[in-house]
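**Q** What follows is a structure written as structure tokens; I'll ask about it next.
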Amino acid sequence: MLTPTQLIYQAYQNTPKPLPLPNGKEVEWPIPEMGEVPDELCWLCGGATHGQGRMSKDVIRKTFTNTPFARAIESESLCTGCGWILAQRHIRNWSLLVVDGKLEHPTRQRIREVLLAPPETYPWMLSIAVSGQKHISFPGRVVFSPRNIWVLLEQIPIQLPASGIGHVLAPVEELLTAGFTKTEVQTGVYRQDRIRTAGLAWWKEREKRIAAMRGSQMFELAVYVAQVQEREEEASCSMDSTRTTKTQQQPHSASTQSIGAGTPSGSKSPRTSGELSKEQSAQRQRERQPSLFG
Ligand SMILES: [Zn+2]
């Protein structure tokens with residue numbers, strides 16, 4: 001059974017190159033030297049090494065703070081998947097999607113599509129990068145069946161129904177489209193004048209649908225991918241019609257404020273080249289706000 005890193009590595013090998021980033025830029029994918037390793041299991045992902053990979057002492061530095069994710073701590077070997085992943089310096093900056101054996105760095109629009117209609121071919125996996133500072137590959141979850149669907153948001157695993165998150169996303173997007181802010185939808189504290197404008201009954205009906213889910217991880221996920229619909233009628237007719245709306249072509253580097261809570265704290269690895277500074281992340285967040293909230 002493939003672990004997340006093994007699935008990503010296999011998909012990378014099967015994906016036509018170049019494999020551009022969501023912003024259209026190309027990036028270097030180093031090929032680390034693999035060799036024979038003595039341990040049956042991989043220290044990091046716990047998967048089978050088949051005798052090939054890299055020694056963990058050659059790869060894992062003292063500054064590596066993701067040790068709590070290690071699955072086979074008695075091992076001194078890394079499998080080829082983990083050995084390869086840890087050599088890809090850019091990979092934390094971008095979300096990861098494996099579907100039909102191919103690797104993608106999905107845009108937020110693409111992530112939204114997957115969450116609305118989870119793939120029905122297995123295995124697949126989705127790990128969503130929020131800060132761009134944390135490893136999301138080996139903490140991810142491979143989906144092997146519709147009965148057990150998990151996606152990763154930053155380093156938090158979230159279980160989804162096989163039917164997707166449309167039941168949460170629809171009222172969230174309707175409220176955003178009606179002019180409420182993401183903060184209002186997240187907190188449940190709304191401005192009275194906006195409620196009057198939207199109509200009390202209309203607002204109440206949608207707020208009732210999301211009130212019970214507020215604070216749940218699936219709700220955070222819905223708010224994260226929610227888009228303001230260009231025309232409200234389209235949103236209520238068909239989710240498919242929204243696929244033509246503007247795609248967010250920026251990296252998933254900016255964080256929604258509440259997502260950080262509950263994230264393992266031991267993952268403040270030093271920033272590697274090509275990663276965004278906090279200032280840049282904040283700048284991108286500011287740039288994105290107008291397009292999100294109209
Ligand atoms: Zn591994």
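The values are calculated or read from the model by the stated rules, or taken from the named source; none is laboratory data. What you see is a predicted model; the values in this text were computed from it and never measured. Because the Cβ atoms are built from the backbone with ideal geometry, glycine has one as well, and the counts that use them run over all protein chains shown.
**Q** Which members of the stretch 185-215 meet the condition of being under 23 Å from the mean Cα position of the chain (by Cα) and either charged (D, E, K, R) or surrounded by 14 or more Cβ atoms within 10 Å (Cβ to Cβ) (or both)?
**A** Val185, Gln186, Ile210, Met213, Arg214
**Q** In this structure, is Arg194 touching a Gly at 6+ places or on another chain (Cβ under 7 Å), not aliphatic (A, V, I, L, M) and not in a helix (DSSP H, G or I)?
**A** Answer is no for this residue.
**Q** Here's a follow-up. Inside the stretch 36-48, can you point out the residues that are within 12 Å of the ligand (Cβ to nearest atom) and either under 22 Å from Ile136 (Cβ atoms) or part of a strand (DSSP E or B) (or both)?
**A** Once the filter is applied, which keeps residues that are within 12 Å of the ligand (Cβ to nearest atom) and either under 22 Å from Ile136 (Cβ atoms) or part of a strand (DSSP E or B) (or both), the stretch 36-48 yields Leu41, Cys42, Trp43, Leu44, Cys45, Gly46, Gly47, Ala48.
**Q** In the stretch 223-242, is there at least one residue being modelled with pLDDT under 50 and among the β-branched types (Val, Ile, Thr)?
**A** Looking through the stretch 223-242, at least one residue is modelled with pLDDT under 50 and among the β-branched types (Val, Ile, Thr).
**Q** Hey, Lys57 hits all of (1) within 14 Å of the ligand (Cβ to nearest atom); (2) not in a loop (DSSP other than H, G, I, E, B) but one; which does it fall short on?
**A** Failed condition: (1).
**Q** Of the numbered conditions (1) touching a Ser or Thr at 6+ places or on another chain (Cβ under 9 Å); (2) within 22 Å of Ile136 (Cβ to Cβ); (3) within 13 Å of the ligand (Cβ to nearest atom), Leu2 fails exactly one; give the number of that condition.
**A** Among (1) touching a Ser or Thr at 6+ places or on another chain (Cβ under 9 Å); (2) within 22 Å of Ile136 (Cβ to Cβ); (3) within 13 Å of the ligand (Cβ to nearest atom), the lone unmet condition for Leu2 is (1).
**Q** Return the residue satisfying two criteria in turn: it lies in the stretch 5-24 and is closer than 16 Å to Trp94 by Cβ and buried (at least 20 other Cβ atoms within 10 Å of the Cβ), and of such residues it is nearest to the ligand (Cβ to nearest atom).
**A** Thr5
**Q** Under 6 Å by Cβ, and 6 or more places apart or on different chains, what pairs join a residue from the stretch 1-23 that is of a type in the set (S, T, N, Q) with one that is away from the ligand (no atom under 12 Å from the Cβ)?
**A** Final answer for the pair search is Asn14/Gly101; Thr15/Lys102; Thr15/Leu103; Asn23/Gln249.
**Q** Give the stretch 145-159 a look and list any residue that's within 24 Å of Gly132 (Cβ to Cβ) and hydrophobic (A, V, I, L, M, F, W, C), or say none.
**A** Those that are within 24 Å of Gly132 (Cβ to Cβ) and hydrophobic (A, V, I, L, M, F, W, C): Trp150, Val151, Leu152, Leu153, Ile156, Ile158.
**Q** While we're here: Against the condition without any contact (Cβ under 8 Å) to a residue 40 or more places away in the chain, under 23 Å from the mean Cα position of the chain (by Cα) and part of a loop (DSSP other than H, G, I, E, B), how does Glu26 come out, does it pass?
**A** Judged against the criteria, Glu26 is a match.
**Q** Additional query: Using beta carbons and a limit of 6 Å, which pairs, at least six apart or on different chains, have the first residue in the stretch 37-51 and closer than 12 Å to Pro4 by Cα and in contact (Cβ under 8 Å) with a residue 40 or more places away in the chain and the second one small (Gly, Ala, Ser) and near the ligand (Cβ under 10 Å from one of its atoms)?
**A** Leu44/Ala70; Gly46/Ala72
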